[in-house]
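Let me begin by presenting the structure, written as structure tokens, before commenting on it.
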Amino acid sequence: MQGLWDILIERPLAPGVLRAMLFPAFAAHIILALLTVGSAILAIGVSLRKTEPGRTPPSKHFMEHFFVYKSLAVVLGVAPLLLMQVANTVPFLTAINLHAASWMMIVVLLIAGFVLLDYYGINGNPDSRWTTAAGLAGFVCLLCVPAIFVAVVVTTENPGGWAAMLARSAWVPAGRGLHYSARFVHVLGAAVVLGAAFHYFRQPLSEPGARRRLLRWIAAALAVQLAAGLALFLSLSPVSWLRAGIVVPLVIAVVCAFAFLALVFKAQITGSGLARRSTAGLLAMVILPMLWVRQDLQDAALAPLSQQLATGAEQHEAAIQPFRTAALGTYEAKRVVAYDNPSTIYSRSCQFCHGTVGNGRGDEAPNLKIQPEDISAIRTTPEQLHRILLGGVRGTAMPVFGVYTRGQLQQLIGFLHKPIGVAPLPEQIPVKVSDDAVSSASQTFAMTCATCHGTDGRGTYISRQFLPAPPDLSRMTLSPRRAFNVITQGYPGTAMPSFAMLPEQVRWALVRQVHVLYRP
Amino acid sequence: MQFPVYQVPYLGNGMVIGVNAIIHVLLSHGIAVGTFAMIVLADWTDTLSFGVPASEWEQLKKRLLRLTVATTGVIGALTGVGIWFTTSALAPRAIASLLRVFFWPWFLEWIVFTLEVVAILTYYFLWDRLGTTRRKLRLFLGAVYVVIGLMAAFLVTGILGFMLTPGSWPGQRGFWPAFFNPTFLPQLVYRVALCFFLGSIIAVCVAVFSSGSPAVKARSGRLFGIVTVGSLPVILAALWWYFAVVPKVYSSNAVFSVLTSRLTQSSWLFAAGNAAIVLIVLAFIAAAIWGRVRPMRYTVIPALVAAALFAAEFERIREFIRGPYIMPGYMYANGVLVQEQPWLAQNSMLGHSPWYGKVADTPVSDADAGAFLFSQNCSACHTIGGVNDIRRRAAGRTEDGLFVILAHTHEMIPWMPPFSGTRDERRLLARFIYQVSNGELSMDSLARHTISPKDRMR
């Protein structure tokens, strides 16, 4: 993918050092994780056989210290996760994000899986359907986890396929299906080999049948490993594996695997057991070189992207560098502004529309079709102001201010009174109006204004659906001059038209009429 | 911006991280350290048995130990890992940056966690054996475990404190002032006291509801009740210290963080709720010191719920009030760097987001662009159709109104980051939010392949 850049904070250690630390950290985690998964596979596997009455179910042996393995597996996973996220930040976190839901489900699956398997392990009675069901359910949960982890890792290693993955909501990058399946099977096979070998030496010697069974498990699992391993090998392009760093450990691992398989056959045929030292030694020489190959391939797959990310980070850093001082300055300035006084709240929340003195001529007023109100002209009660602040004015830009507490809003309302100029009662109109004008205004109101404003100023059923609706004139009104201007010029952007065609006297009389409607 | 954005349906990203984290806090503080410390305390005061049969007392300790091991081993550890898993998926830029800044504390934390697991497993498996012959060793191991647990708290607190009071950041990026930042010590004291506070209440809860003589229950009430009494004033003092050190620009938003816009007009609820919590706990303390079973049974569960709510409240406040930042002065909560925002105002965000518009051959519609800008700018805190629903926040606003408001959200609402993008992009986002909030745009109608399918809400 083009255009990506690494995050702009330097790594604490060189990537090479981090990768060197990753190898043992991941090895420790994976060995315990394989032991955990292997124990569960074996327990479920043997539980399908009937137990002789009076004997301990064989699954109990495998689950006996399950709690220990899984606790260690989980806690040892912290280090590789940390190292991967620091060394391969962008690829790994991108892969995680492409699998975000499943990734987060891992936590739930592990909790559920462990609870169910612990319950199964403590009871471990295969004749009880509930316990077996619990064990199976837990087992399925547990197996989902490597399925998800392997998908995330395969995604990490194939940056070229990310964009298409996103477009198709794919589980793995295009063309990596065989690789993914083989890798997943390979993990499960390793779990069985390791688990069976480990438990082989922990089986009580009084049950030779159990040991023989485990040898069969190991042999079968090794066969699966060789098949899956071959498929995995074939899924890699020749370019990636034709290197000494890969070929040598791979050959060592395969040779040791065959050697171990030979030992297992010998133990089965002759009836002598496996020896601890040779088993441990050979298995170590299979797993550790394989883990080496795994990491080497991963590092090689990510090398080109790492270079691109480093360059991208440098470029990005240079691009935003000029803004550093100003950004720091803004941050420092903002840090000392607490929203605990009305002057600050007004200047931050109201001023850009309503202006510094509240006359509606804020900086953003030219960008609005419906002009912000001249607050200084509002005549209403503090309760109504509170309602407007909490509810906004639907159909306009006036927002809802529920983010402020009642105390903050009350302080703001006080500020809107003094110094802005809201008052609870409107002043007298500044001109004298004739009786003719008054009666004309009264008729006009009844026939024209009331169709939207209602006879009591509270609007009508229809006009209350307007966006914005006419204000409730019984609860709020405007100063005489402002009301006169609204009647004369209308309220642009709303349904209130201009009534400039009416004589001036009539318009003033209408103002008085509107003031009469106001009943605080 | 270099990561695709996932939006959790209904709950929203912040809530998922928060819920998981609070569960972890309750289990790690209350059980892993707190209840365990009560076991050690009970073990230590064995000789002062006050007429309680030794076997019964031992049985209680074993019960507490089983609870601790079972809970921490399964849910406790995994919710801790869960914090990491959820932040990796929902706030990748932030977690990536924090990991690099605090790599060594995190690495040490790994070692501490591993020691903790080994210690608790050893303690558990050797419990019976050491109980008969080597009591002193058992006590010592228990104390070692508690110390290890407190070390884990020490390491995490530095990072958490940095996320609110970043010390010398962002001007000077030193490690030590960042880790030992102003809220480090008060928060550490609070957390340690909280461990004992929660642990003592849990221990009494286990004692009074399990089988055993009234003498055992009375003894537990008195012994653990004294711990509750002692830790409560420390908690309150530590919190007073903590909020004295937090800059006012953040702490003045604390009440809102708890009440949210639904209850801000009843701000008395904040004081009343906290007072109720303290009273319930005091009632429990009285019952516990008195030592009678019935009063303890009636008060311990409310006290436990109250204490858990209190702990959750602190975490909520702490996490919320750092807004609009996730790393103050360096990174906003939506992942955009403070320094990037003015650059993006001049240089298009869409043009510098590798995941936008390059994933398909067909052209992107305006709605797709709006949805993408929403995902990058807003989805860290807002959902469409869920918690903190943007449709509810924007309902009734005009499109030009939204265009204007988006330029000033960071001024109107102190914990919101500024919009990142050009003026034209702001218009696209305003139109998107307008259309989504008045129902014109349903998320399903957006072209599937041009934005992350996860940007869609179902």
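The values are calculated or read from the model by the stated rules, or taken from the named source; none is laboratory data. Source: prediction; values computed, not measured. Here the Cβ positions follow ideal geometry from the backbone for every residue, glycine too, while neighbour counts run over all protein chains shown.
Under 25 Å from A:PHE66 (Cβ atoms) and of a type in the set (A, V, I, L, M) - does that describe any residue in segment A:166-187? For segment A:166-187, residues under 25 Å from A:PHE66 (Cβ atoms) and of a type in the set (A, V, I, L, M): present. Candidates in segment A:128-150 are the residues that are closer than 24 Å to A:PHE184 by Cα and among the β-branched types (Val, Ile, Thr); of these, the one that is surrounded by the fewest Cβ atoms within 10 Å (Cβ to Cβ) is A:VAL140. Residues in segment A:458-488 that are within 14 Å of another protein chain (Cβ to nearest Cβ) and part of a loop (DSSP other than H, G, I, E, B): A:PHE466, A:LEU467, A:PRO468, A:ALA469.
Yes or no, residue by residue, for (1) within 22 Å of the chain's Cα centre (by Cα); (2) more than 14 Å from chain A (Cβ to nearest Cβ):
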{"residue": "B:PHE256", "(1), (2)": "yes, no"}
{"residue": "B:TRP268", "(1), (2)": "no, no"}
{"residue": "B:ALA303", "(1), (2)": "yes, yes"}
{"residue": "B:PHE310", "(1), (2)": "yes, yes"}
{"residue": "B:PHE314", "(1), (2)": "yes, yes"}
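Residues of segment A:211-235 that are at pLDDT 90 or above and basic (Lys, Arg): A:ARG216 alone. With respect to (1) touching a helix residue (DSSP H, G or I) at 6+ places or on another chain (Cβ under 9 Å); (2) surrounded by fewer than 22 Cβ atoms within 10 Å (Cβ to Cβ); (3) closer than 23 Å to A:SER237 by Cα, the lone exception for A:ALA163 is condition (1). Restricted to segment A:274-366, the set of helices (runs of 4 or more DSSP H) holding at least 3 residues that are free of Cβ contacts under 8 Å to residues at least 24 places away in the same chain and among the hydroxyl-bearing types (Ser, Thr, Tyr) comprises A:324-335.
Restricting A:PRO204, A:PRO146 to those that are more than 14 Å from chain B (Cβ to nearest Cβ), in a loop (DSSP other than H, G, I, E, B) and within 30 Å of A:ARG277 (Cβ to Cβ) reduces the list to A:PRO204. The C-beta contact set for segment B:47-63 (first residue surrounded by 14 or more Cβ atoms within 10 Å (Cβ to Cβ), second residue modelled with pLDDT under 70, distance under 7 angstrom, 6+ apart or interchain) comprises B:TRP57/B:SER49. If you go through segment A:325-364 one residue at a time, how many are aliphatic (A, V, I, L, M), surrounded by fewer than 18 Cβ atoms within 10 Å (Cβ to Cβ) and within 9 Å of another protein chain (Cβ to nearest Cβ)? Selection size over segment A:325-364: 5. Could you tell me whether segment A:32-47 includes any residue that is more than 7 Å from chain B (Cβ to nearest Cβ), of a type in the set (Val, Ile, Thr) and under 32 Å from the mean Cα position of the chain (by Cα)? Yes, that holds for at least one residue.
Taking (1) free of Cβ contacts under 8 Å to residues at least 12 places away in the same chain; (2) more than 14 Å from every other protein chain (Cβ to nearest Cβ); (3) within 18 Å of the chain's Cα centre (by Cα) in turn, B:LEU137 satisfies each apart from (3).
Hey, does segment B:52-74 have a residue that's under 17 Å from A:MET104 (Cα atoms), under 19 Å from the mean Cα position of the chain (by Cα) and not hydrophobic (A, V, I, L, M, F, W, C)? No - not one qualifying residue is present in segment B:52-74.
Of the residues B:ALA89, B:ALA94, which is facing chain A (nearest Cβ under 7 Å) and of a type in the set (A, V, I, L, M)? Every option except B:ALA89 fails the conditions. In segment A:242-271, the residues that are at positive phi form no Cβ pair under 6 Å with any partner that is aromatic (Phe, Trp, Tyr) and exposed (fewer than 13 other Cβ atoms within 10 Å of the Cβ), whether six or more places apart or across chains. Across segment B:412-426, the number of residues qualifying as part of a helix (DSSP H, G or I) and surrounded by fewer than 20 Cβ atoms within 10 Å (Cβ to Cβ) comes to 3. Screening segment B:178-223 for residues that are outside any helix (DSSP H, G or I) and among the small types (Gly, Ala, Ser) and picking the one that is nearest to B:TYR242 (Cα to Cα) gives B:SER210. The sole residue among B:GLY439, B:GLY386 that is at positive phi and in a loop (DSSP other than H, G, I, E, B) is B:GLY439.
Return the residues of segment A:166-199 that are within 14 Å of chain B (Cβ to nearest Cβ), in a helix (DSSP H, G or I) and buried (at least 19 other Cβ atoms within 10 Å of the Cβ); say none if nothing qualifies. Across segment A:166-199, the qualifying residue is only A:LEU166.
The set of residues in segment B:97-111 being assigned to a helix (DSSP H, G or I) and within 10 Å of another protein chain (Cβ to nearest Cβ) consists of B:SER97, B:LEU98, B:LEU99, B:ARG100, B:VAL101, B:PHE103, B:TRP104, B:TRP106, B:PHE107, B:GLU109, B:TRP110, B:ILE111. For segment B:239-249, does any single residue satisfy the condition of being more than 14 Å from every other protein chain (Cβ to nearest Cβ), buried (at least 19 other Cβ atoms within 10 Å of the Cβ) and in a helix (DSSP H, G or I)? Yes, that holds for at least one residue.
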